[in-house]
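Scroll down for the structure; my scribbles are underneath it.
The values are calculated or read from the model by the stated rules, or taken from the named source; none is laboratory data. Nothing here was measured: the structure is a model prediction, and the numbers come from that model. A quick note on method: Cβ atoms are made from the backbone with ideal geometry, for glycine too, and the neighbour counts reach across all protein chains shown. Remember, those area values only see protein heavy atoms, side chains included, never the ligands or the DNA or RNA. Shrake-Rupley method; radii C 1.70, N 1.55, O 1.52, S 1.80 Å.
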Amino acid sequence: MKSHSELHERALELLTIRGIDLDDIADLVLYLQKDYVPGITREDCRKNVEAVLTKREVQNAIITGIELDMLAEEGKVSQPLRDILVNDEGLYGIDEILALSIVNVYGSIGFTNYGYIDKVKPGILQDLNDRSNEQCHTFLDDIVGAIAAAAASRIAHDDPNKSEIMK
Ligand code: MG
């Protein structure tokens, strides 16, 4: 079995390689939570993003999805999947399904956040959409949205660490 730290390291590395800064994800969490948690800061949000990224299910989804995006971009996926991924075809849906394994980590409260952020596409999600001419982000956009939704759920939940994190 792969060690947890190897998966964690690789997941973080892949996000960086694909131009995702954890502060960008923290900004999405802030966007989701600012009206519900008085005084919440970007730093609070970032801590929750980092906590989400320590979960094995989350790491597995990140390394699988980003790897597929990169392989499709390099033409290393055969047809018809290559065109589906490169063109981000709307009826494919497996990118959203993969991301649900991230949303699921903190229970059903994450689904609403995920659906909402996917529709509104604030911040980095809009950038990913705009940059998708040069790069394949079929999986990445859903992964990033799902990490933010999971982190927001973690804050909303009655998490035992919440008082520490939120002060
Ligand atoms: Mg997608």
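For the stretch 1-88, go through all pairs of different Cα atoms, get the mean of 1/r, take its inverse, and jot down that Kirkwood value in Å.
One decimal place: 14.7 Å for the Kirkwood radius.
Ranked highest first by average number of other Cβ atoms within 10 Å, how do 74-85, 13-24 line up?
Descending packing order for the listed peptides: 13-24, 74-85.
If you roll a 1.4 Å probe over the chain with all protein chains in place, what percent of the accessible area is carbon or sulfur?
That share works out to 52 percent.
Give me the accessible area of residue 4, 1.4 Å probe, in Å² rounded to the nearest 10.
Number for this one is 80 Å².
Report the relative contact order of the chain, percent, no decimals, based on alpha-carbon pairs under 8 angstrom and at least 6 residues apart.
32
I'd like the distance separating the alpha-carbon centroids of the stretch 119-144 and the stretch 53-68, in whole Å.
What the calculation gives is 17 Å, centre to centre.
For the ranges 43-55, 142-154, what's the packing order if you count other beta-carbon atoms within 10 Å of each residue, average per peptide, and put the highest first?
Ranking, from highest mean packing down: 142-154, 43-55.
Can you check what the net charge comes to around residue 131, using other residues whose Cβ is under 11 Å from the Cβ of residue 131 (Lys, Arg +1; Asp, Glu -1)?
Here the count lands on -3.
Report, in deg cm²/dmol and to the nearest 500, the calculated mean residue ellipticity at 222 nm for the chain, where each DSSP H run with n ≥ 4 adds -39500 (n - 2.57) and the sum is divided by the residue count.
Calculated at 222 nm, the ellipticity per residue is -20500 deg cm²/dmol.
For the chain, take the convex hull of the Cα atoms, compute a quarter of its surface area, and give me that in nm², please.
That works out to 9.8 nm², a quarter of the Cα hull's surface.
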